[in-house]
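Q: The structure is given below, and queries will be raised subsequently.
The values are calculated or read from the model by the stated rules, or taken from the named source; none is laboratory data. In this text the structure is predicted, and so the values were computed from the model without any measurement. As a convention, Cβ positions derive from the backbone with ideal geometry for all residues, glycine included, and neighbour counts pool all protein chains shown. For accessibility, only protein heavy atoms count, side chains too; no ligands or nucleic acids. Shrake-Rupley method; radii C 1.70, N 1.55, O 1.52, S 1.80 Å.
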Amino acid sequence: MLTTVPAGGAADVDAAVTAPRRAAPGWAATARFLQYKSLQYCPARARGCRTALR
């Protein structure tokens, strides 16, 4: 469980919104099968980082 959250400012919010918008065209052009495989990998990767997030 996370106990602290770093404070963010307007620049952090802007970066969080801008990055996915920039990535969207490339993601849309990616084959659906590869999108599926990439999304399958995310939960496994997150589980592997669980101890670092505590």
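Q: Ignoring everything except DSSP H segments at least 4 long, calculate the 222 nm mean residue ellipticity for the chain; use -39,500 (n - 2.57) per segment, divide by total residues, nearest 500.
A: After summing the helix terms and dividing by the residues of the chain, the value is -24500 deg cm²/dmol.
Q: Moving on. Given Cβ point charges of +1 (Lys, Arg) and -1 (Asp, Glu) and nothing else, what value in debye, to the nearest 20, does the dipole of the chain about its Cα centre take?
A: The dipole magnitude comes to about 340 debye.
Q: Another question about this same structure. State in Å² the accessible area per residue of the chain; use a 1.4 Å probe, count heavy atoms of protein chains only, and round to the nearest integer.
A: 92
Q: What list of ³J(HN,Hα) couplings, whole Hz, do you get for the range 16-31 from phi and the Karplus terms 6.51, -1.76, 1.60, once you set θ to phi - 60° and write x for glycine and proline?
A: For the range 16-31, the Karplus-derived couplings read 5, 8, 5, 4, x, 5, 5, 7, 4, x, x, 5, 5, 7, 6, 4 Hz, x marking Gly and Pro.
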